[in-house]
Amino acid sequence: QVQLVETGGGLVQPGGSLRLSCAASGMIFRVNVMGWYRQAPGKQRELVARITSGGNTNYADSVKGRFTISRDNAKNTVYLQMNSLKPEDTAVYYCNADIWVLAGGKYDYWGQGTQVTVSS
């Protein structure tokens with residue numbers, strides 16, 4: 001009974017910015033690693049960025065220096081600030097979280113996906 005809800009997708013021109021949010025809710029004991037993946041039509045899903053509960057981050061080479069992942073542990077929320085957007089960033093972006101639930105056990109959860117379109 002854990003769910004991830006994403007917001008913030010939309011249409012933006014090349015060079016523009018967007019900020020994605022993903023909030024986890026439900027019977028949560030602890031949220032561990034959170035991350036963002038993306039999938040373009042006809043292409044495989046790829047990892048964009050991830051962040052540990054302690055704030056350690058890593059990024060795909062294609063977004064390094066342009067995207068910033070962050071989190072608010074009190075709100076069980078992860079963010080993705082996307083700057084200097086390029087047409088090749090166009091994809092559906094999915095939030096992912098590894099969560100220890102109150103009933104015991106650790107599970108992997110996914111958000112519903114949010115569309116990001118970069119086009120002139």
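Run down GLY65, GLY54, GLY42 and say which single residue is free of Cβ contacts under 8 Å to residues at least 60 places away in the same chain and either over 22 Å from THR117 (Cβ atoms) or touching a Lys or Arg at 6+ places or on another chain (Cβ under 8 Å) (or both).
Working: GLY65 fails: either over 22 Å from THR117 (Cβ atoms) or touching a Lys or Arg at 6+ places or on another chain (Cβ under 8 Å) (or both); GLY42 fails: either over 22 Å from THR117 (Cβ atoms) or touching a Lys or Arg at 6+ places or on another chain (Cβ under 8 Å) (or both).
Among GLY65, GLY54, GLY42, only GLY54 is free of Cβ contacts under 8 Å to residues at least 60 places away in the same chain and either over 22 Å from THR117 (Cβ atoms) or touching a Lys or Arg at 6+ places or on another chain (Cβ under 8 Å) (or both).
Working only within the range 3-32, note down all residues that are open to solvent by less than 60 Å² (accessible area, probe 1.4 Å), of a type outside the set (A, V, I, L, M, F, W, C), closer than 21 Å to GLY65 by Cα and within 14 Å of the chain's Cα centre (by Cα).
The answer is GLY8, GLY9, SER21.
If I ask for residues that are β-branched (Val, Ile, Thr) and either open to solvent by 60 Å² or more (accessible area, probe 1.4 Å) or in a strand (DSSP E or B) (or both), which ones from the range 39-70 would you list?
Once the filter is applied, which keeps residues that are β-branched (Val, Ile, Thr) and either open to solvent by 60 Å² or more (accessible area, probe 1.4 Å) or in a strand (DSSP E or B) (or both), the range 39-70 yields VAL48, ILE51, THR57, THR68, ILE69.
For the range 88-119, which residues satisfy the criterion of being part of a strand (DSSP E or B) and touching a Pro at 6+ places or on another chain (Cβ under 8 Å)?
VAL118
Tell me, please, whether a residue that is touching a Phe, Trp or Tyr at 6+ places or on another chain (Cβ under 6 Å) and outside any strand (DSSP E or B) can be found in the range 15-28.
No: the range 15-28 contains no residue that is touching a Phe, Trp or Tyr at 6+ places or on another chain (Cβ under 6 Å) and outside any strand (DSSP E or B).
Name every residue in the range 88-120 that is open to solvent by less than 80 Å² (accessible area, probe 1.4 Å) and among the aliphatic types (A, V, I, L, M), in order of residue number.
Result: ALA91, VAL92, ALA97, ILE99, VAL101, VAL116, VAL118.
Hey, among GLY10, GLY55, GLY42, which residue is of a type outside the set (A, V, I, L, M, F, W, C) and modelled with pLDDT under 95?
Answer to the selection: GLY42.
Go through the residues of the range 71-87 one by one and say whether even a single one is open to solvent by 40 Å² or more (accessible area, probe 1.4 Å), touching a strand residue (DSSP E or B) at 6+ places or on another chain (Cβ under 6 Å), β-branched (Val, Ile, Thr) and in a strand (DSSP E or B).
The answer is no; no qualifying residue exists.
The values are calculated or read from the model by the stated rules, or taken from the named source; none is laboratory data. The structure displayed is predicted, hence computed values, not measured ones. Using ideal geometry, Cβ is built from the backbone for each residue, glycine included, and neighbour counts are taken over all protein chains shown. Keep in mind that these areas ignore ligands, DNA and RNA; they rest on the heavy atoms of the full protein, side chains included. Shrake-Rupley method; radii C 1.70, N 1.55, O 1.52, S 1.80 Å.
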